[in-house]
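The values are calculated or read from the model by the stated rules, or taken from the named source; none is laboratory data. Values in this document were obtained by computation on a predicted structure and should not be read as measured data. In case anyone asks, the SASA skips ligands and DNA or RNA and just uses the protein heavy atoms, side chains included. Shrake-Rupley method; radii C 1.70, N 1.55, O 1.52, S 1.80 Å.
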Amino acid sequence: MQNELTVGLIQSDLVWENPKQNRLNFAKKIDAISEEVDLFVLPEMFTTGFTMNAEKVAETMHGETVSWMKNTASKKKAAIVGSIVITENNKFYNRLLFVEPSGNIFIYNKRHTFTLVGEDKTYTAGQDKVILDYKGWKIQPLICYDLRFPVWSRNTEDYDLLLYVANWPKPRVSAWDALLKARAIENMSYCIGVNRVGVDGVNSEYSGHSTVYDVLGNCITDFQSGKEQIQIVTLEKRHIQAYRNKLNFLNDRDSFKII
């Protein structure tokens, strides 16, 4: 078990529906990081932007982006996580991939598809909650719109880190800020949110506001709004354990079943 986890958060613009160029752009950013990092976090649909043109951009689990993620994780000796458009069994998924240096991949299909823009008409919603173990850290990875649904992220498994990748638009970024902080506080876990910046192919604007909150809801990053930026932050198990032992809030959580 590793008591510290060093995470690289990459807040970036995305080239619309251009996986090759986005892979090149992220490769340059990651290669320029000299610090030792355990985990790199990329935005939602980091190869395409938040597109509903799934047939145009979808890849398979044997495609170029998965291969790139595996190669990058192996070369940097660090896991890499982000979501991409995947086609499988004649369906499309907004699929988060958590790729370990060994090449092992954890998969999470976005459960809450964003009906406001018709994501539910294009992508099949996932049904399975994923709690993964990486270097002794229990992590729940989620995607963007999932942030609005706290039951799905409720910490019934005593996880250490809640992680969101997103394309969350600028007009509603105050909700992003508030909900990430709330998720950290109510679950007594670190909460990471990595969001994109720039303007996409359907003229939606994104301001980033990527962040990390500790178990008390304190922000421990200082990303600039609307700017491409990378920050490295180290999370500590002793911080989680100290406040859970002192406050014991999770002992009073409700029990429930998700149907």
Fill in the blank from the handout: Within segment 159-259, the percent of DSSP beta bridges that are antiparallel, given to the nearest 5, stands at 55 percent
Handout entry: Rounded tilt (10° steps) of 64-76 against the dominant C-alpha axis of the chain
Key = 50 degrees
Problem - Relative contact order (%) - criterion: Cα under 8 Å, at least six apart; region: segment 22-95 - result: 38 percent
Fill in the blank from the handout: antiparallel share of DSSP beta bridges within the chain, to nearest 5, in %, is 65 percent
Exercise for the section: Could you state the angle between the C-alpha long axis of helix 19-31 and the longest principal axis of the C-alpha atoms of the chain, as a value from 0 to 90 degrees rounded to the nearest 10? Expected result: 50 degrees
Problem - Global geometry of segment 201-259, whether rounded, prolate or oblate, following the gyration tensor of its Cα atoms and the 1.5 cut on a/c - result: oblate
Practice task
Return one number: the angle in degrees, 0 to 90 and rounded to the nearest 10, between the long axis of the Cα atoms of helix 237-247 and the longest principal axis of the Cα atoms of the chain.
Solution key: 50 degrees
Exercise for the section: Rounded to the nearest Å, what's the spacing between the alpha carbon centres of segment 14-88 and segment 183-259? Just the number, please. Expected result: 21 Å
Handout entry: Candidate residues Cys144, Cys219: accessible-area rank, largest first, probe 1.4 Å
Key = Cys219, Cys144
Handout entry: Protein-only accessible surface order, largest first, of Glu205, Glu17, Glu236 at 1.4 Å
Key = Glu205, Glu236, Glu17
Exercise for the section: Using only alpha carbon pairs under 8 Å that are at least six residues apart, calculate the relative contact order of the chain and give it in whole percent. Expected result: 20 percent
Fill in the blank from the handout: From highest to lowest solvent-accessible area (probe 1.4 Å; ligands, DNA and RNA excluded), Ser225, Ser210 read Ser225, Ser210
Problem - Pairs of lysines in segment 78-173 (C-alpha under 20 Å apart; 8 or more residues apart or interchain) - result: 7
Handout entry: Over segment 1-143, relative contact order from alpha-carbon pairs under 8 Å, at least 6 apart, %
Key = 20 percent
